[in-house]
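Novice: Can you keep this structure in mind? I'll have questions shortly.
The values are calculated or read from the model by the stated rules, or taken from the named source; none is laboratory data. Since we're looking at a predicted model, the values are computed, not measured. Glycine gets a Cβ as well: all are built from the backbone with ideal geometry, and neighbour counts include every protein chain shown. Note: accessible area is taken over every heavy atom of the protein model, side chains too, but ligands, DNA and RNA are not part of it. Shrake-Rupley method; radii C 1.70, N 1.55, O 1.52, S 1.80 Å.
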Amino acid sequence: MKKFFTKNLKNKLITLAICAALYLALILISEFTWLGHTYLFHWTIIKMYGFSWVIAAVFIFFNGLPAALAISVGNFVGTFLGHYLGTYLDRQAYAQITPDMDEYRKMYILYETNYPFEIWFLTVLGSLLLGIILTIIFAIIARLKRKPQTENS
């Protein structure tokens, strides 16, 4: 059991440091820049980044290092992509609102679409899936490279 925890320890620590640096960077950006007052950055800091850092830590613990890096990078990129692209798409949707528009349609445009969150969530989910696939591929490659054990050893 001890070998399970210490196996690949150097790579686990490096991955943990990279993931922690990405989350720390987002926290610092959210707390000490004007972006902290924007919707997505404020929401993600309150919701603790959807606890994606817990998922990354679990992957690191179980040697899923590509998945841990992928979800951390996906969260970092998704936060910025969700903010900037989502705000742009929101503005495009708001520009469609006219004074003579049906009230139901106005409410739909104003409240039913949340592009920043949707883009962030899909980016994190996509990166998580990519990371899991990469983890599986790397595990298969590692098994194929391993020499077959002889019966005497």
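Novice: Do we have F62 as on the phi > 0 side of the Ramachandran plot, open to solvent by 90 Å² or more (accessible area, probe 1.4 Å), without any contact (Cβ under 8 Å) to a residue 40 or more places away in the chain and not β-branched (V, I, T) here? So that I can check it myself, show each step before the final result.
Specialist: Working: on the phi > 0 side of the Ramachandran plot: no; open to solvent by 90 Å² or more (accessible area, probe 1.4 Å): yes; without any contact (Cβ under 8 Å) to a residue 40 or more places away in the chain: yes; not β-branched (V, I, T): yes.
Taking the combined requirement at face value, the residue does not satisfy it.
Novice: Here's a follow-up. Determine, yes or no, whether I27 is touching a residue at least 24 places away in the same chain (Cβ under 8 Å), out of contact with any Pro (no Cβ under 8 Å at 6 or more places or on another chain), assigned to a helix (DSSP H, G or I) and open to solvent by 40 Å² or more (accessible area, probe 1.4 Å).
Specialist: Working: touching a residue at least 24 places away in the same chain (Cβ under 8 Å): no; out of contact with any Pro (no Cβ under 8 Å at 6 or more places or on another chain): yes; assigned to a helix (DSSP H, G or I): yes; open to solvent by 40 Å² or more (accessible area, probe 1.4 Å): yes.
The answer is no for I27.
Novice: Kindly provide the set of residues from the stretch 65-89 that are open to solvent by 20 Å² or more (accessible area, probe 1.4 Å) and over 15 Å from the mean Cα position of the chain (by Cα), ordered by number.
Specialist: Of everything in the stretch 65-89, those that are open to solvent by 20 Å² or more (accessible area, probe 1.4 Å) and over 15 Å from the mean Cα position of the chain (by Cα) turn out to be Y84, L85, T87, Y88, L89.
Novice: Tell me, which residue of the stretch 97-150 that is surrounded by 11 or more Cβ atoms within 10 Å (Cβ to Cβ) and of a type in the set (G, A, S) is modelled with the lowest pLDDT?
Specialist: Among those residues, the one meeting the criterion is A139.
Novice: Oh, and also: For residues that are open to solvent by 60 Å² or more (accessible area, probe 1.4 Å) and outside any loop (DSSP other than H, G, I, E, B), tally how many sit in the stretch 40-53. Working first, answer last.
Specialist: Going through the stretch 40-53, the residues open to solvent by 60 Å² or more (accessible area, probe 1.4 Å) turn out to be 42-43, 46-48, 51, 53.
Still in the list and also outside any loop (DSSP other than H, G, I, E, B): 42-43, 46, 48, 51, 53.
The qualifying residues number 6.
Novice: Okay, moving on. Is it the case that K10 is basic (K, R), modelled with pLDDT of 80 or more and out of contact with any Pro (no Cβ under 7 Å at 6 or more places or on another chain)?
Specialist: Numbers: basic (K, R): yes; modelled with pLDDT of 80 or more: yes; out of contact with any Pro (no Cβ under 7 Å at 6 or more places or on another chain): yes.
When the stated conditions are applied, K10 passes them.
Novice: Suppose the filter is at pLDDT 85 or above and either open to solvent by 90 Å² or more (accessible area, probe 1.4 Å) or out of contact with any Lys or Arg (no Cβ under 7 Å at 6 or more places or on another chain) (or both); does F5 pass it? Spell out the reasoning first.
Specialist: Numbers: at pLDDT 85 or above: no; either open to solvent by 90 Å² or more (accessible area, probe 1.4 Å) or out of contact with any Lys or Arg (no Cβ under 7 Å at 6 or more places or on another chain) (or both): yes.
Taking the combined requirement at face value, the residue does not satisfy it.
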